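Beneath this line is the structure, given in structure tokens, with notes to follow.
Read-outs: derived from the displayed coordinates by stated rules, not from any lab. From a predicted model like this one, the values you see are computed outputs, not experimental measurements. Because the Cβ atoms are built from the backbone with ideal geometry, glycine has one as well, and the counts that use them run over all protein chains shown.
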Amino acid sequence: MNGAESLVRTLVASGVEACFANPGTSEMHFVAALDRVEGMRPVLCLFEGVVTGAADGYGRMAGKPACTLLHLGPGLGNGWANLHNARRAGSPIVNVVGDHARFHVQYDAPLTSDVVALARTCSAWVHVSTNAKSVAADGARAVLAARSTPGQIATLVLPADTAWDEADGDAATLPVPALPQVTGETVDLVARVLRSGRRSAILIRGAGLMEAGLAQAGRVAEATGAALLCDTFVPRLQRGAGRVEVSRIPYFAEQIVEFLDGYEELVLVGAQPPVAFFAYPGKPSWCVPEGCRITYLAQPHEDSVGALQALAEALGAAEQPKKRTALRLPDLPTGALNQVSVGMAIAALLPEGAVVIDEAATSGLAPFGFTSTAEPHDYLGLTGGSIGFGLPVAVGAAVACPDRKIVCLHGDGGAMYTVQALWTMAREDLDIITVIFANRSYAILNIELARVGAGNGGPKALSMLDIGDPTLDFCKLAEGMGVAASRATTAEEFVAAFGEAVRERGPWMIEVVL
Ligand SMILES: Cc1ncc(C[n+]2csc(CCOP(=O)(O)OP(=O)(O)O)c2C)c(N)n1
């Protein structure tokens, strides 16, 4: 058995069952090992940004890591932006990067680069394997690092000779440590804060936004009157009918300030204090109201669901929250096609258990609003602000959850960053409906141009924000990659197309002409 096979065997034994890959010569032994080892699903992606985004989506939905397979520094560089988003989401990823054989590095061949330097900027754990005999154990450690709470990116650099040299066999898997518990003192402190009578909010991120955590948070909210909040961009939120609802913090700095105005106590559960996404001249970056006290119930690495439950008990809260979202579906829209009619249609037709991935940018507000009372679903947001995450994350979510309908809402600008994901959707026959909001513009940047005080923009400036010439034909792009496609110009056409895509299985793309 060579090093590559010992590594793949160890990864599979450690629960890593999917490999999103774009390999090259230095990864050929890893690729060959995939045939000799049962249990690893290889998924080819045609650009590394798709590889890393797919691994992010898989990690968010499976709650355990997939591995990537990237080609030296350039492959890692191409995949970096979606690793950044994944890092911000706390996604577990075993990021395998092939490199030159160690004896080859001295010759400075064309693909030689400082892989480790690049890897450090997006990874919590980086290791270069030095020996075919230890590469399996390195793999086991990488899985352990990736599976910490929250998840981390563990980059294992695999020099080609450590893959092809003889190994001793696979390595023992490593047990994942139990989650650190929040102390009773902390729970009591937060209970006192929430009983103080001061106006309070609880900002939750991570496991606390899953159904079980939300139920505990709902108990706390009903016992104390505290508001339940989540960040603008959440890694994963379970919402819709039957769930305890949280209010999402808005995007722009002044909106956040207004939204948080009057709160005197902010309790953080796996979250950081809210700040503005960007700095603007004369506008605040720090958005917590002056005089508002911040108390941490649980840090991101701690058991936030357990902490919320302990808090609910300490407060003597009722066993179950009384208030859960009631199913309320909008009427099917007719007439003009815009984000409101699209949002109504999606909310009305969304199947139970769907996974909604949101990179709809300026078209996302209405769909988010209408789906709040739709069938229960998961919602995944753009945690790191690097656009081009949605289509790849949809790929990974579909591989992780083959029995769930994946609905990917995307701006046309962002979609062009990683449009190759459509090809993988077709090749793997993934059950994904992609909705592209074709406004032919970088619309958000038109808003930002004025907001940052850069003026209204002349023809050159405005041309940098316009993607309408030539017109992108998303139907042709999708069909050219094997994905069934249709174009909607009215609400009726969208309802018909989305309804059909919900009933059928497999990848669909609907271009919403705005
Ligand atoms: C990697 C990366 N490059 C550039 C940007 C800057 N950026 C933010 S939004 C945006 C355009 C988004 O356009 P689109 O997806 O069509 O959504 P719209 O704003 O039109 O709703 C750009 C280029 C970014 N966020 N990330």
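Figures for the structure shown
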| read-out | value |
| --- | --- |
| Relative contact order (%) - criterion: Cα under 8 Å, at least six apart; region: the stretch 431-514 | 47 percent |
| Ser113 paired with Arg505, simple spin-label distance in nm, labels 7 Å along Cα-to-beta-carbon | 4.0 nm |
| Dipole magnitude of the chain, debye to nearest 20 (Cβ charges: Lys/Arg +1, Asp/Glu -1, about Cα centre) | 1020 debye |
| Whole-Å distance, taken between Cα centres, linking the stretch 469-487 and the stretch 217-293 | 38 Å |
| Computed E for Thr121/Arg198 - FRET, C-beta separation, R0 35 angstrom, nearest 0.05 | 0.30 |
| Other-chain or far-sequence residues with amide H under 5 Å of Ala485's (modelled H) | Met509 |
| Stretch gain in nm, segment Lys476-Glu313, where the contour uses 0.36 nm per residue and the Cα spacing is subtracted | 53.0 nm |
| Extended-chain gain in nm, criterion 0.36 nm per residue less alpha-carbon gap, Ala450 and Ser285 | 57.6 nm |
| Sites Gln272 and Glu166, calculated FRET efficiency, Cβ-Cβ separation with R0 41 Å, nearest 0.05 | 0.30 |
| Estimated inter-spin distance, Ala101 and Gln255, nm [label 7 Å along Cα→Cβ] | 5.6 nm |
| Relative pair counts by distance (%), Cα atoms of the stretch 162-312, 10 Å bins | 11, 37, 29, 11, 7, 5, 1 |
| Potential lengthening between Leu329 and Asp469 on full extension [0.36 nm per residue; Cα-Cα distance subtracted] | 46.6 nm |
| Exposed GluC sites (Glu not before Pro) absent - longest run of the chain, DSSP non-H/G/I/E/B, at most 14 other C-beta within 10 Å | 39-289 |
| Reciprocal of mean inverse Cα separation for the stretch 235-348 (Kirkwood radius, Å) | 17.5 Å |
| 36 Å tail of the calculated P(r), the chain, as % of Cα pairs | 35 percent |
| Mean ellipticity per residue at 222 nm, deg cm²/dmol - from DSSP H runs of n ≥ 4 across the chain, formula -39500 (n - 2.57) | -11000 deg cm²/dmol |
| Total charge dipole magnitude, the stretch 369-514, about the Cα centre, Cβ charges on Lys, Arg, Asp, Glu only, Debye to nearest 20 | 320 debye |
| Which of Gln106, Ala18, His71, positive extreme of dipole for the chain (C-beta unit charges) | Ala18 |
| Dimensions in Å of the stretch 197-276 - Rg and Dmax from alpha carbons | 12.0, 32 |
| Beta bridges per DSSP with both ends in the chain, % antiparallel, nearest 5 | 10 percent |
| Farthest positive-ward along the chain dipole, Cα basis, beta-carbon charges - from Ser363, His127, Leu514 | Ser363 |
| Descending semi-axes in whole angstrom, ellipsoid equivalent of the stretch 236-299, from the Cα gyration tensor | 22, 16, 11 |
| Förster-model FRET efficiency, 41 Å R0, Gln181 and Asp35, C-beta, rounded to 0.05 | 0.40 |
